[in-house]
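Colleague: My structure is below; once you've seen it, I'll send some questions.
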Amino acid sequence: MKTANKNYLSKQYKKDDKLLISHNYLKLQFKNSNKIISDIKKLIKKGDYTLGKAVDEAEEKFKKISNSKYAIGVNSGTDAIILSLRAIGIKKGDEVITTPYTFYATIGAIVTAGAKPVFVDIQNDYNIDVKKIERAITKKTKAILPVHWSGLICDMKKISKLAKKNNIFIIEDACHAINALRDGENPGKYSIAACYSMHPLKNLNVWGDGGFITTNSKKFYEKLLLLRNHGLINRDTCKVFAGNSRLDTIQAIVAKHLINKIQYITNKRIKNANFFDKEFSSIPEIILPTRYKNSKQVFHIYVIRAKKRDLLKKYLIKHGIDAKIHYPLPMHLQPAAKKYGYRKGDFPNCELICKSVLSLPVHEFISNKQRNYVAKVIKNFYKNY
């Protein structure tokens, strides 16, 4: 089996940098970073790099925008899920129900926490099919981990009913869903925890990795504070042995600045997505995911299903447009999942979607001219192929 390169991302960054319209917009976002640099200079003089004051301030800001009682800064969205699973007492042999259509980190977090991932097929909105969850529940089921794909919140009311009926936890993978709403509610309303990522290409991002966990439970919050910082209750007393998953103070400074812009970021992404929806709805070869009037989807990425997907992808890149596939191979068919016994055909809707799905840039720095260009290129493709 092919092994990974030492660092396979460097070549990808170089390649993507040549495109006219890219998924990577960080140069534009941080073009004027004087205020951030100024605050980092103050940090250098102060020296509180580990759980410094800025972490507390970022947590306060984040709990307000997520409408939660508590927010805990951690070093990644992946660790946000791992710590949340550990905080509910996950142990070897426990099962966690989730979707096969997600980023590797969701499943990696379940496995790293010591549990077995149990997959349930998805709907045409790319989120877990709630109607199929109950049949996957067993005596070993400890939690349901729904993923709010591309910032569309799952039907949490129905998932909550199932969880209460079976006395199991809900932990939300909200890594795509900062500032998202469903029925007027943010992630975390119906769960013990919602987990967020601030990876550089997320809607709210930092200069590396970072994440937040939100919860409305004081007891759970206090557990998480221990788990993210070696189990320490003060400098000299360790209540439980745990790891290190602290949000760096430098990253908290960056997060504080971006949180102030989250409404603008969200609104611009929604505007761009609505434009694409309107343009692509008239193209028979393109299938849009299900949209809901009761949802505020925040579009971490913009995803369509396209006929001749692979040809279209090459055509778009040839014309300077960054097109990516999220994801060509679902989680249950990844080499890492082989030991769980899943096979091709187990989750037909997920597998079908993975064969035709394509992601287009939707971020807040795409101009009206660029949006029109993307739509024009796609329309020209289907006229000529």
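Colleague: Calculate the dipole size of the range 127-258 relative to its Cα centre from +1 charges on Lys and Arg beta carbons and -1 charges on Asp and Glu beta carbons; express the result in debye to the nearest 20.
Modeller: Here the size comes out at about 660 debye.
Colleague: Going by accessible area, probe 1.4 Å, with all protein chains left in place, what is the ranking of 119, 275, largest first?
Modeller: 275, 119
Colleague: Work out, step by step, the length gained on full extension between residue 294 and residue 185: first 0.36 nm times the residue separation, then minus their alpha carbon distance; give nm to one decimal.
Modeller: Here the answer is 38.2 nm.
Colleague: Ignoring ligands, DNA and RNA, please state the percent of accessible area on the range 288-385 from carbon and sulfur, probe 1.4 Å.
Modeller: Working: 2680 of 4940 Å².
In the range 288-385, the share of accessible area belonging to carbon and sulfur is 54 percent.
Colleague: Right, next: Can you give the FRET efficiency for residue 235 and residue 282, using 1/(1 + (r/R0)^6), R0 = 45 Å, r = Cβ-Cβ distance, to the nearest 0.05?
Modeller: 0.10
Colleague: Let me ask you something else. I want to make sure I understand the PRE zone here: with the label point 7 angstrom from the Cα of residue 383 toward its beta carbon, which residues in the range 291-327 have backbone N atoms less than 12 Å away?
Modeller: none
Colleague: Which three semi-axes in whole Å describe the equivalent ellipsoid of the range 111-194, each the square root of 5 times a Cα gyration tensor eigenvalue, listed largest first?
Modeller: 20, 13, 13
Colleague: Any idea what the relative contact order of the chain is, in percent, if you count C-alpha pairs under 8 Å spaced at least 6 apart?
Modeller: With pairs under 8 Å counted, the relative contact order is 20 percent.
Colleague: Same structure again: Mind checking which of 174, 216, 226 is farthest towards the positive end of the range 142-274's charge dipole, using Cβ charges of +1 (Lys, Arg) and -1 (Asp, Glu) about the Cα centre?
Modeller: In the range 142-274, that residue is 216.
Colleague: How much solvent-accessible surface does residue 20 expose, in Å² to the nearest 10, with a 1.4 Å probe and all protein chains in place?
Modeller: 120
Colleague: Right, next: Ignoring ligands, DNA and RNA, how do 68, 38 rank by accessible area with a 1.4 Å probe, largest first?
Modeller: From most accessible down to least: 38, 68.
Colleague: Can you work out the accessible area per residue across the chain, with the rest of the protein chains kept in place, probe 1.4 Å, in square angstrom?
Modeller: Numbers: 19110 Å² over 385 residues.
Normalised by residue count, the accessible surface of the chain is 50 Å².
Colleague: Between residue 311 and residue 48, what is the spin-label point distance in nm, taking each point 7 Å from the Cα along the Cα→C-beta axis?
Modeller: The answer from the label model is 6.0 nm.
Colleague: Please give the net charge around residue 382, taking every other residue with its beta carbon less than 11 angstrom from that of residue 382, where Lys and Arg add +1 and Asp and Glu add -1.
Modeller: +3
Colleague: For residue 274 and residue 13, calculate 0.36 nm times their separation in residues minus their Cα-Cα distance, and state this gained length in nm to one decimal.
Modeller: Values: separation 261, 0.36 × 261 = 93.96 nm, distance 2.80 nm.
Between residue 274 and residue 13, full extension yields an extra 91.2 nm.
Colleague: For the range 178-273, which whole-number percentage of the solvent-accessible area (1.4 Å probe, protein heavy atoms only) is attributable to carbon and sulfur atoms?
Modeller: Here carbon and sulfur together make up 51 percent of the probe-accessible area.
Colleague: Along the Cα→Cβ direction, 7 angstrom out, place labels at residue 352 and residue 60. What is the inter-label distance in nm?
Modeller: Distance between the two pseudo-spin positions: 5.1 nm.
Colleague: Once you have all Cα-Cα distances for the range 327-385, histogram them in 5 Å bins from zero and send the whole-percent values.
Modeller: Here the calculated profile for the range 327-385 is 3, 15, 17, 14, 13, 11, 11, 10, 5, 1.
Colleague: While we're on this one: Please give the contour-minus-distance gain from residue 338 to residue 39: 0.36 nm per residue of separation, less the Cα-Cα distance, rounded to one decimal in nm.
Modeller: Difference between extended and current length: 102.9 nm.
Colleague: Hey, another quick one. Among DSSP beta bridges lying fully in the chain, give the percent that are antiparallel, nearest 5.
Modeller: Of all bridge pairs located within the chain, approximately 65 percent are antiparallel.
Colleague: Mind checking Rg over Rh on the range 58-182, alpha carbons, Kirkwood formula for Rh?
Modeller: Numbers: Rg = 13.9 Å, Rh = 14.8 Å.
Result: Rg/Rh = 0.94.
Colleague: Cross-link list 131/164; 271/293; 11/379; 313/376: which exceed 19 angstrom alpha carbon to alpha carbon?
Modeller: 11/379
Colleague: Now a separate question. Residue 20 versus residue 140, label points 7 Å from Cα toward the beta carbon: distance in nm?
Modeller: 5.3
Colleague: Post the alpha-carbon centroid distance, the range 126-186 to the range 229-288, in whole angstrom.
Modeller: Centre-to-centre (Cα) distance: 19 Å.
Colleague: Something else now. Mean shadow of the chain, computed from the convex hull of its alpha carbons, in nm²?
Modeller: Working: hull surface 79.4 nm².
Answer in nm², one decimal: 19.9.
Colleague: What accessible surface, in Å², does a 1.4 Å probe find on residue 9, ignoring ligands, DNA and RNA and rounding to the nearest 10?
Modeller: Spelled out: residue 9, probe radius 1.4 Å, area about 60 Å².
Colleague: Percent of Cα-Cα pairs more than 19 Å apart in the range 38-112, please.
Modeller: Roughly 54 percent, rounded to a whole number.
Colleague: Just need the relative contact order of the range 206-359 here, percent rounded to a whole number, with Cα pairs under 8 Å and 6+ apart.
Modeller: 16
Colleague: For the range 86-154, max minus min Cα coordinate along each principal axis, in Å, sorted largest first?
Modeller: On the principal axes, the range 86-154 reaches 33, 25, 16 Å in Cα extent.
The values are calculated or read from the model by the stated rules, or taken from the named source; none is laboratory data. Since the structure is predicted, the reported quantities are computational estimates derived from the model, not experimental observations. No Cβ is skipped: glycine too gets one built from the backbone with ideal geometry, and neighbour counts run over all protein chains shown. The accessibility values were calculated without ligands, DNA or RNA, using every heavy atom of the protein model including side chains. Shrake-Rupley method; radii C 1.70, N 1.55, O 1.52, S 1.80 Å.
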